[in-house]
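A short write-up of the structure that comes next.
The values are calculated or read from the model by the stated rules, or taken from the named source; none is laboratory data. Quick caveat, the model's predicted, so the values are computed rather than measured. Glycine gets a Cβ as well: all are built from the backbone with ideal geometry, and neighbour counts include every protein chain shown. When the accessible area is computed, the model is the full protein with side chains, heavy atoms only, and any ligands, DNA or RNA have been set aside. Shrake-Rupley method; radii C 1.70, N 1.55, O 1.52, S 1.80 Å.
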Amino acid sequence: MNTILYLYWAVAILLVYLFFLLLQKRYRLILPSVIHTSIWLATVVLIIFQLNGYFITEQLIEERFQYVGKFICFMMISSVMGFILAHVLTSKGETYNEVDIIEIATIDAILHKFRWIPVVCGVIGIVLLLFIVSTMGNISSFGEYRSFAINVEPTGVVAIVQRLSGHISVLGAFYLLLLGYKFGITGIHIPLLVKNVILCSTINMAIGGRVWVVMSVLPVLTMYIFSRHYSGLETKIKKRDNIRILLMLVISVSLFSIIGILRNESGNSVSNEQNFIDKFLYLTDGSRMTNMVISMYPPGTYNLEYGRSEFLSNFIGSPMMDRFNRAISDNVGLMVTVKSVMPNLYFDYGFKGGIIMWGVFCFILEFLCIRLKYTHNIVILLFWGILAQIMFQAPIANIFSLNTPRIEWIILIYLFRKQIFSSIPGINNYI
């Protein structure tokens, strides 16, 4: 079977399963299964567009996805099996209204106490922006600014600010999770939403990124749907907020493409010819890089790393990923191209083993999310929010190492939860 057929099979599997998920009332949450199925469906469809030349400016040959097409197809089969098993094992005795909602007064008190987090995000983002602009001097294009921003090495105080930016960004994501939880109970407050999304996204905006558009909205949306699902929000508020959510998603998706187009406007006629759909092909970059990895290191030609590439790369490194990075180090374009979670799966467990282990990971994440939603605890609620949206970046990043800082912060917050939340009225019921 050739590559395009594998991809068509993947689309069919994902479409059928997503339809099944949306029909089931108990799965009308943003669970790993929903996000995984949706983002991979979009990715595979975009790969098919590239191979067939639909709606894009440049058609690619099938060899660019020669090996990864089969890998993706069987990953999707494995993931669906993992999700279904998690649903079967958690369905016994479950009823629709088993989840209790944390009182809005408690959520409001937490948001008020930590209202400084979005402000600090905004201040750090502005400091980084001013540093980049003052260091760079004349800026001829957004694309040139982005290239400079990700390669410049700050010194002195700015270097410290940059290190702090990663930690405060994590706390900003937690703040947006709780804000979304509040909106699910009270209804969406647009000015408050826009203000906090912009403040918490300023750091990523300062370096010319565009993933912030979705990554800032996703935490709000994830927890909004969760708390609304169980809060009994008035029907008229739900209908009003449905329109707002739809509008928010349309704006986010549009901005992702528009920012990409602006970033590529550098006077190059080829980049200026790119259309609206072309900018979403970013999702397929990881698949092309994975195809390159498999072609350079066929199965059986390297030692499996058994989790070192996927889970421990932040701590002890991955020899195979280091080897691959050295091999492409003379090509700046490849070095900054996203790689997805697939090379890490492949280096750790091989072609067949990576497919099987992906199903295992999908099962574990889905099972945990379904079980943890019954836990009446602020820290567990934040952990649930991380797990629920973790699959979103799977086509473009190693989601496990990417989320390691968030897990570390969850552990710290749990260990010091009494000190952190001690002044919140009624918090003892939720920690």
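General observations
- Of all residues making up region 392-420, the number that are in contact with a Leu (Cβ under 7 Å, 6 or more places away or on another chain) and closer than 13 Å to Leu365 by Cβ: 1
- Any chance Leu29 is buried (at least 19 other Cβ atoms within 10 Å of the Cβ) and touching a His at 6+ places or on another chain (Cβ under 9 Å): yes
- Scan of region 379-431 for residues that are surrounded by fewer than 20 Cβ atoms within 10 Å (Cβ to Cβ) and of a type in the set (Ser, Thr, Tyr), ordered by number: Ser401, Thr404, Tyr414, Ser422, Ser423
- Filtering region 56-94 to residues that are charged (D, E, K, R) and either open to solvent by 80 Å² or more (accessible area, probe 1.4 Å) or outside any loop (DSSP other than H, G, I, E, B) (or both) leaves Glu58, Glu62, Glu63, Arg64, Lys70, Lys92.
- Selection count, region 148-196, where residues are within 23 Å of Ser231 (Cα to Cα) and part of a loop (DSSP other than H, G, I, E, B): 3
- Across region 310-332, a minimum of one residue is classified as open to solvent by less than 10 Å² (accessible area, probe 1.4 Å) and under 21 Å from the mean Cα position of the chain (by Cα).
- Residue among Tyr302, Tyr297, Tyr306 that alone is farther than 26 Å from Thr37 by Cβ, open to solvent by 30 Å² or more (accessible area, probe 1.4 Å), modelled with pLDDT of 85 or more and of a type in the set (Phe, Trp, Tyr): Tyr306
- Only helices (runs of 4 or more DSSP H) whose full extent lies in region 318-418 are considered here, and the ones with at least 3 residues that are touching a residue at least 60 places away in the same chain (Cβ under 8 Å) are 342-372, 378-389, 404-415.
- Looking only at residues of region 293-317 that are aliphatic (A, V, I, L, M) and either touching a residue at least 60 places away in the same chain (Cβ under 8 Å) or touching a helix residue (DSSP H, G or I) at 6+ places or on another chain (Cβ under 8 Å) (or both), we find that the one that is farthest from Leu402 (Cα to Cα) is Met296.
- Per this entry, Leu199 is not counted among residues that are part of a helix (DSSP H, G or I) and farther than 26 Å from Val133 by Cβ.
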